[in-house]
Each structure stands twice: as structure tokens, then as C-alpha cells.
Amino acid sequence: MRSVCFVSPEYWPLSGGTGAYVYYLSNELLKNGYQIYVVTGSNQTVDIEVNKQLKVFSLKFQKPQ
């Protein structure tokens, strides 16, 4: 199985242009049998296994003051 890792400042459900692009591209790659990993930022650190082919890792970050 081929794997792809996206690093994006945002991802679904809280997303803008970049997050939406990664979301829709990920869905198309899933249809073709890819394993998808998404690393994104959040206000808390959370790891989510959406399904066996899609895993989302949210890393906590602080906004610049």
C-alpha cells in the first residue's frame, strides 16, 4: 500500500483553502487505495483514526502574540 503524509496548518472540519484542498485530495487518494496521514495544528494535541486508511494527528501550538 502506498502512503502519503500531508502537513497542513488546518484540516477538516475547521478549514480554509489549504484544509479543504487536503481534505478533498485525501478522499480521492483513499479511493485509490492510499494510506493517508495528516499532520495539522490545533489548540490541543489529538490523534484521530478516521478509518484504517486515514489518520489525523493534531499538534498543539500557541498562536503568536
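Quick notes on this one:
- Pairs of Cα atoms nearer than 8 Å and 6+ residues apart set the relative contact order; for the chain it is 30 percent.
- Stokes-Einstein diffusion of the chain at 10 °C, 1.306 mPa s viscosity, Kirkwood radius from Cα pairs, rounded to a whole number: 132 µm²/s.
- Backbone phi angles across segment 17-33, fed through the Karplus curve with coefficients 6.51, -1.76 and 1.60 (θ = phi - 60°), yield HN-Hα couplings of x, 5, x, 5, 4, 5, 4, 6, 5, 4, 4, 5, 5, 4, 4, 9, x Hz in residue order; Gly and Pro are listed as x.
- Share of carbon and sulfur in the accessible heavy-atom surface of the chain [1.4 Å probe, %]: 55
The values are calculated or read from the model by the stated rules, or taken from the named source; none is laboratory data. For clarity, every value in this text was computed on a predicted model and none was experimentally measured. For the accessible areas, the whole protein counts, side chains as well, though only heavy atoms, and no ligand, DNA or RNA atoms are used. Shrake-Rupley method; radii C 1.70, N 1.55, O 1.52, S 1.80 Å.
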